[in-house]
Amino acid sequence: TEKFMPFVTELDFATGKLNPEGHVITRNLSHMKDMYYDQEAVRQLLGQNPLIYVVYNVVVPETAAHIQHCVTILYPGKVGNEYFMTKGHYHEVLDRAEIYFCLKGKGQLLMQTQDGAFASIDMVPGSVAYVAPEWAHRTVNTGDEPFVFFAAYPGDAGHNYGDIETEGFAKLSVEQNGEAVLVDNPRY
Ligand code: F6R
Ligand code: ZN
């Protein structure tokens, strides 16, 4: 069999973009409108349909031998008083862990398990967070500039969005008096 050759991707620290860009995923509000709590605010923002995040994925085979890696640029903003966030997911192979390394901006990493545990980690440049096996994960931009982080995870992990689409996360990250606070999700 052919050897898989080593290669390099350049990450621009100023923007978070990768070169080559790889596989690019963009998420606007319309892609995740049911995930925000304040549906009236969603309706008001949908005309403008803001870009919420972009993911640049280095393309490698999706097998256990490989390590997927990517950069997420999560833009600042709110829907009502809930901060812009990623969809969030469990890995399809549930016990696959992940590392998130914050490069720019600030945010929160929200995590939960299927048996009801919840955890959150504040991320600033230099924070290296370990998403342990079996924890769903979502990021939130609590700052006023793009929140940029690098991620690496096993090639065969896959993504399970369905459980989060139906259940949401146990906590919402909202602005109260200029501060980011976690509140119970009334729909959870
Ligand atoms: C990969 C991973 C991240 C996210 C990205 C976007 O396993 O956790 O690269 O995929 O931050 O978030 P989602 O995938 O939840 O839309
Ligand atoms: Zn993941």
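Points to keep in mind about this one:
- Residue match in the stretch 166-186 (condition: within 14 Å of ligand 2 (Cβ to nearest atom), among the hydroxyl-bearing types (S, T, Y) and surrounded by 14 or more Cβ atoms within 10 Å (Cβ to Cβ)): no
- Counting the residues of the stretch 169-188 that are part of a loop (DSSP other than H, G, I, E, B), of a type outside the set (A, V, I, L, M, F, W, C), under 20 Å from the mean Cα position of the chain (by Cα) and at pLDDT 95 or above gives 1.
- Where Y153 falls short, out of the listed (1) in contact with a Phe, Trp or Tyr (Cβ under 9 Å, 6 or more places away or on another chain); (2) over 12 Å from Q112 (Cβ atoms); (3) surrounded by 15 or more Cβ atoms within 10 Å (Cβ to Cβ): (1)
- Out of E134, E145, sole residue that is more than 17 Å from V54 (Cβ to Cβ), assigned to a loop (DSSP other than H, G, I, E, B) and either away from ligand 2 (no atom under 16 Å from the Cβ) or modelled with pLDDT of 95 or more (or both): E134
- Sole exception among (1) within 16 Å of ligand 1 (Cβ to nearest atom); (2) in a loop (DSSP other than H, G, I, E, B); (3) not aromatic (F, W, Y) for A119, by number: (2)
- Taking the listed residues E98, E175, the one that is closer than 21 Å to R27 by Cβ, more than 13 Å from ligand 1 (Cβ to nearest atom) and not small (G, A, S) is E175, with no other qualifying.
- Some residue of the stretch 44-55 being more than 15 Å from ligand 2 (Cβ to nearest atom) and touching an Asp or Glu at 6+ places or on another chain (Cβ under 8 Å): no
- Residue, nearest to L11 (Cα to Cα), within the stretch 65-101, restricted to residues that are surrounded by 15 or more Cβ atoms within 10 Å (Cβ to Cβ), hydrophobic (A, V, I, L, M, F, W, C) and away from ligand 2 (no atom under 15 Å from the Cβ): I73
- Of the set (1) within 10 Å of ligand 1 (Cβ to nearest atom); (2) over 26 Å from P20 (Cβ atoms), all apply to T86 but (2).
- Considering only residues in the stretch 11-58 that are in contact (Cβ under 8 Å) with a residue 60 or more places away in the chain and part of a helix (DSSP H, G or I), the one that is nearest to the chain's Cα centre (by Cα) turns out to be M35.
The values are calculated or read from the model by the stated rules, or taken from the named source; none is laboratory data. Given the structure is predicted, the values throughout are model-derived calculations rather than measurements. Reconstructed Cβ throughout: ideal geometry from the backbone, glycine too, with neighbour counts over all protein chains shown.
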